[in-house]
Amino acid sequence: MSIAIGDPLPDITLRIMTPAGDQPVNTLELFSGYRVALFAVPGAFTPACSGIHLPGFIARHDRLKAAGIERILCLAVNDIFVMNAWGEIHQVGDRIRMVADGNAEFTRAVGLDMDAHSSGMGIRSQRYAMIVDSGRVTWMGVDEAGQVSRSAADAVLAALETPP
């Protein structure tokens, strides 16, 4: 069963790259006290992730910030070195924080893992996006396999702009 609107995020340690190098970071540090747009991709450097999903959040960064998002996080079941290189190639700078869930611990804990063994990718994340207020999910869009719509930056913006 996957996480639902109103649920708190699990307490999991993820990895980020900092000027000091690869660092562990707890979900409480990433989300507590912030309104966060989190989007997850099946894999860095994969076609839809590199061609549509990440570029959409880069292009809409300013609009997301204007709509009240304080942090934008991109998560994948990849190691932090891959996530960092992917962010550098796309020139995300400090606009989007690249987050590694290398062992799929967060992905499994929120129930949004998928078996991609048939593609040689092992366990990966489904493609999704969440709006998280101080560690609690307030909106979520999960895509069907092969799609980038419910989790796209435009879907997040539409959720932010729609009155409750």
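The values are calculated or read from the model by the stated rules, or taken from the named source; none is laboratory data. These numbers come from a predicted model, not from an experiment. Neighbour counts are summed over all protein chains in view; Cβ atoms, including those assigned to glycine, are modelled from backbone coordinates with ideal geometry. Each accessible area value is taken on the protein alone, full model and side chains, heavy atoms only, with ligands, DNA and RNA left out. Shrake-Rupley method; radii C 1.70, N 1.55, O 1.52, S 1.80 Å.
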Can you give me the ranges of the strands (runs of 3 or more DSSP E) entirely in segment 3-116 with at least 1 residues that are hydrophobic (A, V, I, L, M, F, W, C) and surrounded by fewer than 20 Cβ atoms within 10 Å (Cβ to Cβ)? 13-18, 21-26, 113-115
Hits in segment 14-44 - residues which are in contact (Cβ under 8 Å) with a residue 24 or more places away in the chain and among the small types (Gly, Ala, Ser): SER32, GLY33, ALA37, ALA40, GLY43, ALA44
Given the structure, is GLY135 out of contact with any strand residue (DSSP E or B) (no Cβ under 8 Å at 6 or more places or on another chain) and on the phi > 0 side of the Ramachandran plot? no
Residues (more than 21 Å from GLU29 (Cβ to Cβ), of a type in the set (S, T, N, Q) and outside any loop (DSSP other than H, G, I, E, B)) located in segment 117-145: SER118, SER119
With (1) at pLDDT 95 or above; (2) closer than 18 Å to ARG150 by Cα as the list, and MET114 as the residue in question, which single condition is left unmet? (1)
Only listed residue being farther than 21 Å from ASP7 by Cα, out of contact with any Phe, Trp or Tyr (no Cβ under 6 Å at 6 or more places or on another chain), open to solvent by less than 60 Å² (accessible area, probe 1.4 Å) and touching a residue at least 40 places away in the same chain (Cβ under 8 Å), chosen from MET140, MET130, MET121: MET121
Scope segment 92-128; condition of a type in the set (Ser, Thr, Tyr) and over 25 Å from ASP11 (Cβ atoms); matching residues: SER118, SER119
